[in-house]
Amino acid sequence: MSATAESVAPPAVADATLANAIRALAMDAVQQANSGHPGAPMGMAEVAVALWHRHLKHDPTEPGWPDRDRFVLSNGHASMLLYALLHLTGYDLPIDELKRFRQLHSKTPGHPEVGVTPGVETTTGPLGQGLANAVGMALAEKLLAARFNRPGHPIVDHHTWVFVGDGCLMEGISHEACALAGAWKLNKLVVVYDDNGISIDGPVAPWYVDDAALRFKACGWDVIGPVDGHDVDAVDRALAQAKSSATKPTLIVARTVIGRGAPNRAGSAKAHGEALGADEVAATRAAIGWPHPPFVIPDEVYAAWDARPRGAAARTAWEARLAAYRAAHPELAAELERRLAGALPADFAQVAVDAAVAAHRAAQTVATRKASQLALEAFTRALPELLGGSADLTGSNLTNTAVTPPLRFGADGAPAMTDGQPGRHVNYGVREFGMAAVMNGLALHGGFIPYGGTFLTFSDYSRNAIRMAALMKQRVIHVFTHDSIGLGEDGPTHQAVEHAASLRLIPNLDVWRPADTAETVIAWTMAIGNATRPSALLLSRQNLPYCPKAGLDDIAKGAYVLAEPSEVGLRKKAQAVIVATGSEVQLALHAQQLLAREHRIAVRVVSMPSTTVFDRQSTAYKTSVLPAGVPRVAVEAGVTDCWWKYGCAAVVGLDTFGESAPAPALFEHFHFTARNVVDTVRRVLAR
Ligand SMILES: Cc1ncc(C[n+]2csc(CCOP(=O)(O)OP(=O)(O)O)c2C)c(N)n1
Ligand SMILES: [Mg+2]
């Protein structure tokens, strides 16, 4: 080495020192907060050195650079591992933020949160889901690469790296995710399993005897190891080998000792989730030879960890490639950049208006699941980023369209192409939770607006991933068909009762239960336009007549006046308001007619396809729809609970499970009849 090179090269710092910097930051931050999980960060320190110091392609100064590698800490309780790495490698995460670990409004929340801390790719903590998110990210990379790369222009080319612990692999969702990753031949997905034999309740042997290696192999993965997770070179070799996989994702089994370095806590469940205590922190300092005070990292260690020069070089090289790609393929480049930015095409607003107007003119009687497919025919044509799917219910959910061929992969691992496009409808198999969490990963990666279908009642299976999308502000669209007893003969196991109400409880999730074709188009339009929110579309199995309406504009406000008393020939003010959603709007309209004809009672019918959207409207708008002093009756084939907040005088609902029978018999049996709505309104007015 020349004298000049020597003078600019950072001083050599031993891997052990790099790892101990992580250990020290993790134990000191947890100690300071007196809260957190020191064990996994201390146990995975060498694994982290191997990946973050030697392989990870990232630029701390540009955390959002599109072609960066994605890193997912699926065992999110090890958040201090990630915060230490982000701090040490040069992200905008100063030491003061580490000192404020787990404190209000710090950038170091208890578990990693996307959007809070630069460099955090997904919010993790609910074990197993990070792995499934990573599968979605790796799928996004593979599909974008197939669509946009051109010979000599590998513009999309990055890896997805994941750390998982025992807990992630115990969770059932890990099976759904790893099965999908194997089927999709996600060769650029590399998972490191922190095989430390410990979870919260102690050594895992009594409750966790899976052979993880065999399990993943059975799902079509390459498996490397076990390797010594404290041997940086061994892990480095495994990572390098994993990178060269052509057709399979890779699991690296890394044997580690939880809390490694803490003389009295290492290897025990006590290291998992509590501060070491001042004495053990001091003993650890002595044992690992780390004499520096808490939160002090020697300059040469910072210099050795600094990933900014290497990261900037990788990023600027990519930017140069992007410039060359733009020159050679300007239209493709513009399309890729639009999709990565999450921007809708300029003509989409018109496409949406046209679709709504067409639905209004055609006034078809169809199930809203069919209405959804009709809307999707237009929208999937206009938006190549719409990536559909279903958890093995495609023919029921009607999530596929003429331009969304099924996603398939060839023996070489590459997606099969139709007209230059990879498949656009994903057969997720019977994996609702996996589907929902994979969709979160697709959205987080960028370049896609994922949507996926199942029966509404199985939204419970995916619920926590829906919640995570809402927490992470991700545009993910759930198509939940067969939304009530209206599905009929399949019976109470399949009939949603509490699901609409319970989904409406999730903050930042929009829930739509449209009544007809036009409302369905507008629900889709709103869901697609909602860049910072997931949406759930609750759709009927059974046919629903079109609801004649004066205009379409107010549907987007979540609720609107569908029919005034004048519609049924009464020239007086409404004495009551019937509020209904979805399949029950027709009942409300029928009851309005009967009340007028038989009793000269004037009612207004309000269709409320989205309570969550309506709740965000101005007070003025809300009172214009639901005027003060006029009694309200709600009608929805589901639990009554959420309707009382609208000040209803009565609710025609269903607070029990359904039954197995043809749908008309069930509506009759559970009193979802126009006659019952009439009687209910009359009772309310007689009070
Ligand atoms: C879905 C879910 N269930 C439970 C928990 C609570 N929890 C956090 S860590 C943990 C044990 C995880 O064990 P492991 O992954 O082996 O972590 P280690 O103790 O090795 O750090 C549990 C049960 C959680 N975070 N997520
Ligand atoms: Mg463990």
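How many angstrom lie between the C-alpha centres of the stretch 24-79 and the stretch 125-183?
18 Å
Out of every Cα-Cα pair in the stretch 490-596, what percent are more than 22 Å apart?
39 percent
Binning at 10 Å from 0, report for the stretch 555-686 what percent of all alpha-carbon pair distances ends up in each bin.
13, 46, 32, 8, 0
Taking the 0 to 90 degree range and rounding to the nearest ten, how far is the long axis of helix 308-328 tilted relative to the main principal axis of the chain, both from C-alpha atoms?
With both axes taken from Cα atoms, the answer is about 50 degrees.
Output the Kirkwood hydrodynamic radius of the stretch 10-312, Cα pairs only, in Å rounded to one decimal.
Taking the inverse mean of 1/r over all distinct Cα pairs, the stretch 10-312 comes out at 19.1 Å.
If we restrict to alpha carbons, what Rg and Dmax does the stretch 112-193 come to, in Å?
Gyration radius and largest Cα-Cα distance of the stretch 112-193: 13.7, 43 Å.
Provide the net charge surrounding VAL403, with neighbours chosen by a C-beta distance below 13 Å and charges set as Lys +1, Arg +1, Asp -1, Glu -1.
-1
Using alpha carbon coordinates only, what is the Rg to Rh ratio of the stretch 229-331, with Rh defined as the Kirkwood radius?
1.15
Given the stretch 471-537, what whole percent of its Cα pairs are spread farther than 21 Å?
Result: 29 percent of Cα pairs exceed 21 Å.
Would you work out the relative contact order for the stretch 1-127, in percent, from Cα pairs under 8 angstrom that are 6 or more residues apart?
Worked out over the stretch 1-127, it gives 25 percent.
Per residue of the stretch 256-272, in order, report the coupling 6.51 cos²θ - 1.76 cosθ + 1.60 (Karplus, θ = phi - 60°) as ³J(HN,Hα) in whole Hz, putting x for Gly and Pro.
For the stretch 256-272, the Karplus curve yields 9, 10, 4, x, 3, x, 8, x, 9, 10, 3, x, 10, 5, 4, 6, 5 Hz.
What does the helix-only formula give at 222 nm for the chain: each DSSP H stretch with n ≥ 4 adding -39500 (n - 2.57), the total divided by the residues, and the result rounded to the nearest 500 deg cm²/dmol?
-12500 deg cm²/dmol
Taking R0 as 35 Å, what FRET efficiency do you get between SER244 and GLU489 from their Cβ-Cβ distance, rounded to the nearest 0.05?
E between SER244 and GLU489, to the nearest 0.05, is 0.10.
Residue by residue through the stretch 294-301, what is 3J(HN,Hα) from phi via Karplus (6.51 cos²θ - 1.76 cosθ + 1.60, θ = phi - 60°)? Round to whole Hz and write x for glycine and proline.
Once θ is set to phi - 60°, the couplings for the stretch 294-301 become x, 6, 10, 10, x, 3, 5, 6 Hz.
Where both residues lie in the stretch 107-242, what percent of DSSP beta bridges are antiparallel, nearest 5?
The antiparallel proportion sits near 40 percent.
Once you wrap a convex hull around the alpha carbon atoms of the stretch 157-220, what is its projected area averaged over all directions, in nm²?
Its average projected convex-hull area is 4.4 nm².
Using only Cα atoms, locate the centre of the stretch 84-119 and the centre of the stretch 408-428, then give the distance between them in Å, rounded to an integer.
38 Å
Could you give me D for the stretch 64-204, from Stokes-Einstein at 10 °C and 1.306 mPa s, where the hydrodynamic radius is the Kirkwood radius over C-alpha pairs? Units µm² s⁻¹, please.
99 µm²/s
Please give the helix 674-686 orientation as an angle from the longest Cα principal axis of the chain, in degrees from 0 to 90, rounded to the nearest 10.
Helix 674-686 and the main axis of the chain meet at about 80 degrees.
Peptides 85-92, 620-627: what's the order by average Cβ count within 10 Å, highest mean first?
The peptides rank, most packed first, as 85-92, 620-627.
If you bin the C-alpha pair distances of the chain every 10 Å from 0, what whole percents do you get?
3, 15, 23, 21, 17, 12, 7, 2, 1, 0, 0
How many times 2.2 N^0.38 Å is the alpha carbon radius of gyration of the stretch 1-110?
Cα Rg divided by the expected 2.2 N^0.38 Å: 1.14.
When only C-alpha pairs under 8 Å and at least 6 residues apart count, what is the relative contact order of the stretch 348-544, in percent?
RCO, the stretch 348-544: 27 percent.
Evaluate Rg over Rh across the stretch 304-417, taking Cα atoms for both radii and Kirkwood's formula for Rh.
The Rg/Rh ratio comes out at 1.13.
Starting from a Cα-only point model with no solvent, please compute log10 I(q)/I(0) by Debye for the stretch 286-352 at q = 0.14, 0.19 1/Å.
-0.67, -0.87
What is the chain's relative contact order, in percent, from Cα pairs under 8 angstrom and six or more apart in sequence?
Relative contact order here is 12 percent.
Tilt of helix 232-243 relative to the longest C-alpha principal axis of the chain, in degrees (0 to 90, nearest 10)?
50 degrees
Tabulate in residue order the Karplus-calculated ³J(HN,Hα) for the stretch 275-281, using 6.51 cos²θ - 1.76 cosθ + 1.60 with θ = phi - 60°, rounded to whole Hz; enter x for Gly and Pro.
4, 5, x, 4, 5, 6, 4
Per 10 Å bin from zero, what fraction in whole % of the C-alpha pairs of the stretch 348-544 is there, up to the bin with the longest pair?
Over the stretch 348-544, the share of Cα pairs per 10 Å bin runs 10, 39, 38, 13, 1 percent.
Under 21 Å Cα to Cα from LYS248, which lysines show up? Leave out anything in the same chain fewer than 8 places away.
Within the straight-line limit of under 21 Å, LYS248 reaches these lysines: LYS57, LYS142, LYS185, LYS188, LYS217.
Roughly what % of DSSP beta bridges within the chain run antiparallel, to the nearest 5?
20 percent
Readers should treat all values here as calculations from the given coordinates under stated rules, not as data from a laboratory. Small disclaimer: the values here were computed from a predicted structure and weren't measured. Positions of Cβ are generated from backbone atoms using ideal geometry, with glycine treated the same way; all protein chains shown enter the neighbour counts.
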